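Below: the structure, in C-alpha cells.
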Amino acid sequence: MAFEVTGQVKVSLRVGIAGYGLAGRYFHAPLLKGCGFNVVAIQTSNPTRAQHALVDFPATMVVNSIEELVSLDLDLVVVASANLVHADQAIAAINAGIPVVVDKPMGRTFAETELIINAGKKAGVPVSTFFNRRWDSDALTIKKVLASGTLGDIHRIDSRFERFRPDLNSASWRENMSASDGGGQLLDLQPHLISTAIDWFGKAELLTATVRSLRGGADDDSVLVLRHESGTMSYLSASAVVGAPGPRIRILGTKGALVINDLDPQEALLRAGQFPEGGTWTVPTSSKAYIHRGDVVEEIESVPGNYAHYYKEVEAAINAGSSLPVTNEDALLVAKIVDQAREVGTRD
C-alpha cells in the first residue's frame, strides 16, 4: 500500500473518485482531503464537472471512464456516481484489486447489493457503503443518551428527512429517474433512515410502507414502519412535499423523550467549501437536543457530528486490516428493507 512510514513522513493513500456531482464533489472529495487522502484521479465524462475537479484539485488527473480510473495505481476507489452505475463501477474496482467505498445505496436492489459484496468476498477486496449519517450529531447524541438509560425503555422512534420542494428539479436525476434506474427517495434518503435506525436499535423487519410520487417524477414521499428485535418501533419518513416538517428525531421512552429538531450542519458546511482539516472540524457541528418529560424540557449537551470518522476507519481498515466502518450485513439488510418497502408500498 502507498501508506508507509519513513521516519516521521507518512505517504497518503492514493484515491480515485468515480463521479463528481453532488456526492463526489461536496461529500467525498472534501472529507478525503480533510482526512489526508491523496485524490490523484477523478472520473467524469461531464466537461463542467471535469473543470470543477481541476479547480478543486489542480494536480489531479481527470479520466473519462472507470476502466481508465482503475488502471491507475490506487489504494482506494470511491464510487460517487449515479445509482445506475454503482454496481458496474464497484465491480470494476474490485476486479482490479482496489478497495472500494460505494456511496449509498450500494446497489439499487438487494440482488445488486449482494452482487457487489460477493464480488468483494471472492476477490478478497474490502467493500463498504457510505452511510455517513451514522456520524451526524443527532446519531451520536442518540447513542450517548441510549447508553445512559435516561429515557428508560425505548418503545418508539420517529426519524425524518422532510422538506418542502413542491416543484420537480428537472436537472436532478434523483427526482426524475425511474426506480429501476436508481431514482427516488426510497433509494436516496430512506437508506440513511433505515441505516441509523438499525445502528441504534439492532436488526429490524418491515411491517408496512407507503411509497408515492406526488409531483409526477420518481417516488418523493415514503413512510416505512419497522419493528426491531428489541421491540422498538421505527417510523421513518422521507418526503419532498411536507410544508411543515416534523422534528428530525423524536425518541420515546418510558422515562421521557429525546427531541432533536434540526438537521446536522455538516452537509451545509461541506457545500460551502469547508472541510474537517486533519479529520477534525474547527466549527460547531452539533445539533441542539432536548429531553422532554411532559411540560418539563431540558436541553442536554449534544455530541458534535463528524463524517471524517468514516474515512479514518476506512484508512485503518486498508492499512491495518481493521473492521470497515459499515458492515456488509447492514448494507444487505437496508437493501432488503428497501426492496420490501417498494413492493408493499406501491401495492397499497
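Return yes or no: is S286 closer than 24 Å to A23 by Cα, among the hydroxyl-bearing types (S, T, Y), in a strand (DSSP E or B) and modelled with pLDDT of 95 or more? Criteria not met by S286.
If you go through the range 104-117 and keep only what is surrounded by fewer than 23 Cβ atoms within 10 Å (Cβ to Cβ) and among the small types (G, A, S), you end up with just A111.
Take the range 118-145 and flag every residue that is assigned to a helix (DSSP H, G or I), over 18 Å from S81 (Cα atoms) and open to solvent by less than 50 Å² (accessible area, probe 1.4 Å).
Answer for the range 118-145, where residues must be assigned to a helix (DSSP H, G or I), over 18 Å from S81 (Cα atoms) and open to solvent by less than 50 Å² (accessible area, probe 1.4 Å): A119, G120, R133, R134, W135, S137, D138, A139, L140, T141, I142, V145.
Checking the stated criteria, A111 turns out to be of a type in the set (G, A, S), within 27 Å of L324 (Cα to Cα), assigned to a helix (DSSP H, G or I) and without any contact (Cβ under 8 Å) to a residue 40 or more places away in the chain. Kindly indicate whether L31 is within 21 Å of the chain's Cα centre (by Cα), in contact (Cβ under 8 Å) with a residue 60 or more places away in the chain and closer than 26 Å to F275 by Cβ. Answer is yes for this residue. If you go through the range 66-92 and keep only what is open to solvent by less than 30 Å² (accessible area, probe 1.4 Å) and of a type in the set (S, T, Y), you end up with just S81.
So is Q266 polar (S, T, N, Q), in contact (Cβ under 8 Å) with a residue 12 or more places away in the chain and open to solvent by less than 30 Å² (accessible area, probe 1.4 Å) or not? Here the answer is yes, as Q266 does meet what is asked. The set of residues in the range 290-314 that are under 22 Å from the mean Cα position of the chain (by Cα) and within 28 Å of R250 (Cβ to Cβ) comprises S302, V303, P304, G305, N306, Y307, A308, H309, Y310. For the range 1-56: of the residues being modelled with pLDDT under 95 and in a loop (DSSP other than H, G, I, E, B), which is least open to solvent (accessible area, probe 1.4 Å)? Checking each candidate, the answer is A2. Kindly indicate whether any position in the range 227-239 is over 25 Å from D153 (Cβ atoms) and either part of a loop (DSSP other than H, G, I, E, B) or open to solvent by less than 20 Å² (accessible area, probe 1.4 Å) (or both). Yes - at least one qualifying residue is present in the range 227-239. Going residue by residue through the range 280-288, is there one that turns out to be within 21 Å of D188 (Cα to Cα) and either buried (at least 20 other Cβ atoms within 10 Å of the Cβ) or touching a residue at least 60 places away in the same chain (Cβ under 8 Å) (or both)? No, that holds for no residue.
The criterion of being part of a helix (DSSP H, G or I) and free of Cβ contacts under 8 Å to residues at least 40 places away in the same chain holds for A87. For the range 306-348, the candidate set comprises residues that are of a type in the set (G, A, S) and assigned to a helix (DSSP H, G or I); within that set, the residue that is surrounded by the fewest Cβ atoms within 10 Å (Cβ to Cβ) is A320. State which residue pairs qualify: first residue more than 21 Å from S148 (Cα to Cα) and open to solvent by 10 Å² or more (accessible area, probe 1.4 Å) and inside the range 246-263, second residue modelled with pLDDT under 95 and assigned to a strand (DSSP E or B) in any location, beta carbons under 9 Å apart, and separation of 6 or more residues or different chains. Matching pairs, first to second residue: none at all.
Counting only residues that are touching a His at 6+ places or on another chain (Cβ under 9 Å) and in contact (Cβ under 8 Å) with a residue 40 or more places away in the chain, which one in the range 168-203 is farthest from V344 (Cα to Cα)?
By that ranking, first place goes to W200.
Scanning the range 153-165 for residues being open to solvent by 70 Å² or more (accessible area, probe 1.4 Å) and of a type outside the set (F, W, Y) gives a total of 4. Whether a residue is touching a His at 6+ places or on another chain (Cβ under 8 Å) and hydrophobic (A, V, I, L, M, F, W, C) was assessed, and L269 does not pass this test.
Go through L263, L236 for me and flag whichever is under 18 Å from R342 (Cβ atoms) and among the hydrophobic types (A, V, I, L, M, F, W, C). Explain how you work it out, then say what you get.
Values: L263 fails: under 18 Å from R342 (Cβ atoms).
The match here is L236.
Looking across the range 170-225, the residues that are open to solvent by 40 Å² or more (accessible area, probe 1.4 Å), in a loop (DSSP other than H, G, I, E, B) and of a type in the set (A, V, I, L, M) come down to A171, M177, L214.
The values are calculated or read from the model by the stated rules, or taken from the named source; none is laboratory data. None of these values were measured; they are calculated from a predicted model. Because the Cβ atoms are built from the backbone with ideal geometry, glycine has one as well, and the counts that use them run over all protein chains shown. We work out accessible area using only protein heavy atoms, side chains counted, and drop any ligands, DNA or RNA first. Shrake-Rupley method; radii C 1.70, N 1.55, O 1.52, S 1.80 Å.
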